[in-house]
Amino acid sequence: MIFDYLDQKYLKNQLDKLSNLNISLADLRDAIRGSGAKTLTDIVDTITSQVDTKTSVIDSRLYNSGDGKSVYDHLKTIAETGVGITNFPNWFTNSTVTTDTLNNTIAGLKGGDSRTLTDIYDKLSNIGGSVGIDNFPDWFTSSTVTTDTLKSSIDSIYNKLDIANWIGKVGIGDGTNVASVISGTLAGSSANLIGVAPDLVKMYAGGTNYEESTVTASTTESSSSFSPPLKFVKITNEGDVDALIRLNGSSATQIPIPAYTGKAILFPVSAIYYVTSSGSTTLRIEGFA
Amino acid sequence: MTSEKRAYRIEYTVKNTGRTADEIRKFIKDKMGIECFVAVHPNRVKVAFSSAVPESALKILDEYISEQMEGKRIVTL
């Protein structure tokens, strides 16, 4: 009879190894699953679902179903045709404007001395520091004279230029007998500007150098002279025949004064020559020297 | 005692305008020593003095106007 047996040393050795297994198989299973008790199946399912989701997102980035083009398609287009630059001004994308052009433009801005913005900054920084303002009067550099002071002075001058002051200052009559005025704009405001003074002689009656005469103008030229010259003259044609006058010389240009009209002359007149083409008329000459 | 009449403005009728206003004014200034304003028209000469002139002094001017322009004083104010 023959028996099979195990070698005891071998068997003891194997039993010694078994003695090292200090946990049960169930504990080992639980330890592998971890606290979430996930099985390998759970892990596979999770990975599979996540892969599908992420792949879908990546796919949407790489391929646009709207225009049916992938990243590859766009890269291929760029490689073949280049990139359109639509948001730059024409001069930037214009093929005739080169970097040389830009360089020349910049050189022009820098000028013959090739000044940079830093140079200009340095110069400006020095103003007030090293540059003295020696040629201005004291009132200009005085800290007590402000722009308010200047404005006050300007306002004072402006007020003295008021039309009411003009009438008083120039002394034409008493300023109240101007029978006719011309409206106009002075310093942005409407005002009455002296235009015609029909009662000029009456206004000036208190003086001595005034003139008021009537003369007859006929087909033979006649003249009247004044010394000192009249500063203001009003010539009125009171008749029904047109007249022609010359001022300050018998060869001066003739000035027509139609019947029943007049001329007001605002420059010195030392002589008036008058004539008619036909017939005669009466001219009233008024003025003062 | 009566004071002599004095004039500020005088006028002459003249038959010719042989003298200009400038010439008459210069005459008055030189001979009478007074400033004035003179207007000469075809038939009339007007003189306005800057201050009153005594009647006696006007005789110089009367003679001048008479000789030069055949004039006669018609207004004395």
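Mind ordering B:23-35, A:11-23 by average Cβ neighbours within 10 Å, highest first?
Working: B:23-35: 15.4, A:11-23: 9.0.
Ranked from most to least packed, the peptides come out as B:23-35, A:11-23.
A 31 angstrom limit on the alpha carbon distance is what I want to check against. Which of A:Lys151/A:Lys263; A:Lys234/B:Lys29; B:Lys29/B:Lys72; A:Lys151/A:Lys231; A:Lys234/B:Lys59 exceed it? Mind dumping the intermediate values first?
Values: A:Lys151/A:Lys263 42 Å; A:Lys234/B:Lys29 28 Å; B:Lys29/B:Lys72 20 Å; A:Lys151/A:Lys231 37 Å; A:Lys234/B:Lys59 33 Å.
Violating the 31 Å limit, Cα to Cα: A:Lys151/A:Lys263; A:Lys151/A:Lys231; A:Lys234/B:Lys59.
Just by accessible area at a 1.4 angstrom probe, what is the order of A:Leu244, A:Leu283, A:Leu150 from largest to smallest?
A:Leu150, A:Leu244, A:Leu283
In the neighborhood of A:Val269, defined by Cβ-to-Cβ distances under 11 Å, what is the net charge if each Lys or Arg adds +1 and each Asp or Glu adds -1?
Details: positive: A:Lys231, A:Lys234, A:Arg246, A:Lys263; negative: A:Glu211.
With Lys, Arg at +1 and Asp, Glu at -1, the net is +3.
To the nearest 0.05, what FRET efficiency results for B:Lys5 and B:Lys31 with a Förster distance of 22 Å applied to their C-beta separation? Before the final figure, lay out the partial values.
Details: r = 20 Å, r/R0 = 0.89.
The calculated FRET efficiency here is 0.65.
In whole Hz, what ³J(HN,Hα) sequence does segment B:42-58 give by Karplus (6.51, -1.76, 1.60; θ = phi - 60°), x for Gly and Pro?
Each residue of segment B:42-58 in turn: x, 10, 8, 10, 10, 10, 10, 8, 6, 8, 4, 10, x, 4, 5, 6, 5 Hz.
Between A:Asp45 and B:Glu63, how many nm apart are label points set 7 Å from Cα along the C-beta direction?
Each label point is offset 7 Å from its Cα along the Cβ direction, giving 15.4 nm.
On full extension of the chain, what length is gained from A:Leu75 through A:Ser125, given 0.36 nm per residue of separation minus the C-alpha to C-alpha distance?
12.8 nm
Taking amide hydrogens as modeled 1.01 Å from N in the peptide plane, which residues meet the under 5 Å criterion relative to A:Val275, leaving out close sequence neighbours?
Here A:Leu244 satisfy the definition.
As a test question: what accessible area, to the nearest 10 Å², does B:Asp22 have when a 1.4 Å probe is rolled over all protein chains in place?
The value for B:Asp22 is about 90 Å².
In peptide A:217-228, what is the residue-averaged number of other protein chain Cβ atoms found within 10 Å of each Cβ?
Working: counts 1, 1, 0, 1, 0, 4, 5, 8, 13, 10, 14, 7.
That average works out to 5.
What are the ³J(HN,Hα) values, in whole Hz, obtained from phi via the Karplus relation 6.51 cos²θ - 1.76 cosθ + 1.60 with θ = phi - 60°, for each residue of segment A:226-239 in sequence order, with x given for Gly and Pro?
9, 9, x, x, 6, 7, 9, 10, 10, 10, 10, 8, 8, x
If packing is taken as the average count of other Cβ atoms within 10 Å, what order do A:219-231, A:54-66 fall into, highest mean first? The partial results should precede the final answer.
On the way: A:219-231: 18.9, A:54-66: 10.0.
Top to bottom by mean Cβ count within 10 Å: A:219-231, A:54-66.
Please list A:His74, B:His41 from largest to smallest accessible area, probe radius 1.4 Å, with all protein chains kept in place. Before the final figure, lay out each step's value.
Details: A:His74 85, B:His41 5 Å².
These residues rank, largest area first, as A:His74, B:His41.
With N set to the residue count of chain B, report its C-alpha Rg divided by 2.2 N^0.38 Å to two decimal places.
Details: Rg = 11.7 Å, N = 77, 2.2 N^0.38 = 11.5 Å.
In units of the 2.2 N^0.38 Å rule of thumb, it is 1.02.
Work out the length of the dipole vector of chain B about its Cα centre, built from +1 on the beta-carbon of each Lys and Arg and -1 on the beta-carbon of each Asp and Glu, and round it to the nearest 20 debye. Each step should come with its number before you reach the end.
Details: 14 positive and 11 negative charges, 37 e Å.
Once rounded to the nearest 20, the dipole reads 180 debye.
B:Glu35's amide H: which non-local residues (gap 5+, or another chain) put their own amide H closer than 5 Å, with H modeled 1.01 Å from N in plane and none for Pro or chain starts?
B:Ser50
The values are calculated or read from the model by the stated rules, or taken from the named source; none is laboratory data. Being a predicted model, the structure only gives us computed values, none of them experimental. All Cβ positions, glycine included, derive from the backbone under ideal geometry; neighbour counts span all protein chains shown. Calculation scope for accessible area: heavy atoms of the full protein, side chains included, ligands and nucleic acids excluded. Shrake-Rupley method; radii C 1.70, N 1.55, O 1.52, S 1.80 Å.
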